[in-house]
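The values are calculated or read from the model by the stated rules, or taken from the named source; none is laboratory data. As the structure is a computational prediction, the values presented were derived from the model and not from experiment. With ideal geometry, Cβ positions are generated from the backbone for all residues, glycine too; neighbour counts draw on all protein chains shown.
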Amino acid sequence: MVLGAGAAGLACARSLVTAGRAVVILEARSRIGGRLLTREGPGVPIELGGEFVHGTAPISFELLRAANVAAIDVGQGSFSFGEGALREDEDPFEVAARTLSRARDLPADQSVAAFLSTAGEREAQVTRMLVEGFDAADPARAGVLAIAHEWCDDQSGQTSRQFRPLGGYPPLLRTLRAALEAARTMLLLNCVVHAVRRDRDAVEVWATDGAGAALQVRARAAVVTFSVGVLQAGVPVFEPPLPAPTLEALSLLAMGPVVKLGLVFQTAFWETLADGRYRDTAFFHAGDGAFPTFWTQLPVRAPLLIAWAGGPKADALHAFDEPARVRAALDDLRVLFGEASDPHREFVAAYQHDWQRDPYARGAYSYALVGGAQAREALTEPIDERIFLAGEATASAAESGTVAGALQSGTRAATQVLARLGVNG
């Protein structure tokens, strides 16, 4: 049995079915994909959840090939706003990686904020911006050892290169779904799990279906792919409770908040400003704006900008309704591009999904708190040889928070289940 039909759940189910096992998948939403959610945009998909292929993890490119989808290399050009103007600057990812590399030799973990208090002003500013934005983390709470490992120890990991699937993530999800043989798979959507009970012989799940009817499913093992935010909220109830090491590991992780807007305009107006200076720019960093980062769809040209705020910046936008968030983003763009631009006049539509308020996500993705550098690994330990956890929060630090990490965790959990069933039937 697999709980959750996001990337981790689908990858797990695919591995189990391929190995000849029958699988029941329970998903609370009316769709597959979990924190992947796509809307049709102006000639390009608008990804309201996961958007990029981070790094060069083999599992990502194997799935791309299986889906017959090309990986588009994301443009690298970036401008940062400072002293009243946009300026080309050193790649902020390189600045942050260089800064955080010094944290790997620390004798004990500390917060990112404490570590940056001894860094140079520019290094601290850029690193803080990316820890808040890229990791959706609060620097005052995030452990620097886990983030340093993520950024510095794996040159093929999520910070090395960025891609997009041509056409977005839907073809990849369809490929995962198509690999589930109908004879061996039961996919139940609109099924909300309330309790997960385990004993010596099996796991029993209590749920309600889309019509509100009670549903019970019993299986020899269960893979739980719920987000850290959901598990920390105490729903579903585990009986008996999750063991102390699992609870401790969960307490050392947090769900990062993100506000992401897909902003559609009449034209890609930024490409014509300043004699085309920004035509080949992928990222704009706004610094003190409500939305610190904007990005284009390069190398695909489309009248679409993504506005992104993570960590404390996202928290600051929590009380804003969508029209207020859109106004704040457009105001930031006006500051970025100056009086020659008129983002408000060019604006056509905005797209958003509030993952913090989504009861089946309760945040965007996870990060490790101070002392939590080993928490993800601890979550990979089986629970009474009956329950196995998967999802991006259980991936290695180099792949945490990514679709690749979710896929890897699903296949890892399937391997654990198969090893357990191989011994006990």
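Is it fair to say HIS285 is farther than 22 Å from GLY41 by Cβ, within 19 Å of the chain's Cα centre (by Cα) and at pLDDT below 95? No: the conditions fail for HIS285. Tell me yes or no: at least one residue of the range 264-273 is part of a strand (DSSP E or B), modelled with pLDDT of 95 or more and of a type outside the set (S, T, N, Q). Checking the range 264-273: at least one residue is part of a strand (DSSP E or B), modelled with pLDDT of 95 or more and of a type outside the set (S, T, N, Q).
Total residues in the range 72-93 satisfying the condition of being surrounded by fewer than 18 Cβ atoms within 10 Å (Cβ to Cβ) and either more than 17 Å from LEU298 (Cβ to Cβ) or polar (S, T, N, Q) (or both): the figure is 8. Within the range 1-55, the set of residues being under 12 Å from the mean Cα position of the chain (by Cα) and in a strand (DSSP E or B) comprises GLU47, VAL53, HIS54. Within the range 295-319, restricting attention to residues that are aliphatic (A, V, I, L, M) and in a strand (DSSP E or B), the residue that is nearest to the chain's Cα centre (by Cα) is ALA309. Any residue that is within 30 Å of ARG122 (Cβ to Cβ) and at pLDDT below 95 - is there at least one of those in the range 28-49? No, because not a single residue in the range 28-49 is within 30 Å of ARG122 (Cβ to Cβ) and at pLDDT below 95.
Taken over the range 274-294, the residue count meeting the criterion of being under 20 Å from ALA314 (Cα atoms) and either part of a loop (DSSP other than H, G, I, E, B) or touching a residue at least 60 places away in the same chain (Cβ under 8 Å) (or both) is 11. Of all positions in the range 414-423, none carries a residue that is touching a Leu at 6+ places or on another chain (Cβ under 6 Å) and either surrounded by fewer than 20 Cβ atoms within 10 Å (Cβ to Cβ) or closer than 29 Å to ALA316 by Cα (or both). Those residues that are assigned to a helix (DSSP H, G or I) and out of contact with any helix residue (DSSP H, G or I) (no Cβ under 7 Å at 6 or more places or on another chain), I need them from the range 247-263; list them, please. Correct list: LEU247, GLU248, SER251.
Exactly one residue out of ARG220, ARG198 is touching an Asp or Glu at 6+ places or on another chain (Cβ under 7 Å), farther than 30 Å from PRO42 by Cα and of a type outside the set (A, V, I, L, M), and it is ARG198. The residues of the range 179-224 that are assigned to a loop (DSSP other than H, G, I, E, B) and touching a helix residue (DSSP H, G or I) at 6+ places or on another chain (Cβ under 7 Å), listed by number, are ALA179, LEU180, GLU181, ARG184, ARG220, ALA221. Pairs meeting the criteria (first residue in the range 357-371 and polar (S, T, N, Q), second residue outside any loop (DSSP other than H, G, I, E, B), beta carbons under 6 Å, at least 6 apart or on different chains) are SER366/VAL228; SER366/LEU253; SER366/MET255; SER366/ALA393. Restricting attention to the range 299-344, the residues that are among the hydrophobic types (A, V, I, L, M, F, W, C), in contact with a Pro (Cβ under 7 Å, 6 or more places away or on another chain) and more than 17 Å from PHE283 (Cα to Cα) add up to 1.
The rows are residues; the columns are (1) among the β-branched types (Val, Ile, Thr); (2) over 30 Å from LEU145 (Cα atoms); (3) surrounded by 15 or more Cβ atoms within 10 Å (Cβ to Cβ).
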{"residue": "SER15", "(1), (2), (3)": "no, yes, yes"}
{"residue": "ALA57", "(1), (2), (3)": "no, no, yes"}
{"residue": "ALA70", "(1), (2), (3)": "no, yes, no"}
{"residue": "ALA96", "(1), (2), (3)": "no, no, yes"}
{"residue": "GLN110", "(1), (2), (3)": "no, no, yes"}
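Just one of the numbered conditions (1) free of Cβ contacts under 8 Å to residues at least 12 places away in the same chain; (2) of a type in the set (D, E, K, R); (3) crowded, with 21+ Cβ neighbours inside 10 Å is not true of GLU40: (3).
Taking the range 275-292 as the range and being over 12 Å from GLU88 (Cβ atoms) and out of contact with any Pro (no Cβ under 9 Å at 6 or more places or on another chain) as the test, the residues that pass are ASP275, GLY276, ARG279, GLY287, ASP288, GLY289, ALA290, PHE291, PRO292. Applying the criterion of being of a type in the set (A, V, I, L, M) and touching a Leu at 6+ places or on another chain (Cβ under 7 Å) to the residues of the range 273-303, the residue that is nearest to ALA137 (Cα to Cα) is ALA290. Of the residues screened, ARG218 is not one that is closer than 24 Å to GLU51 by Cβ and either at pLDDT 95 or above or surrounded by 13 or more Cβ atoms within 10 Å (Cβ to Cβ) (or both).
Against the conditions (1) part of a loop (DSSP other than H, G, I, E, B); (2) modelled with pLDDT under 95; (3) not aliphatic (A, V, I, L, M), GLU150 satisfies every one except (1).
A quick yes/no check of all residues on (1) modelled with pLDDT under 95; (2) more than 30 Å from PHE115 (Cβ to Cβ):
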| site | (1), (2) |
| --- | --- |
| ASP342 | no, yes |
| TYR360 | no, yes |
| LEU379 | no, no |
| SER396 | yes, no |
| ALA413 | no, yes |
| GLY425 | yes, yes |
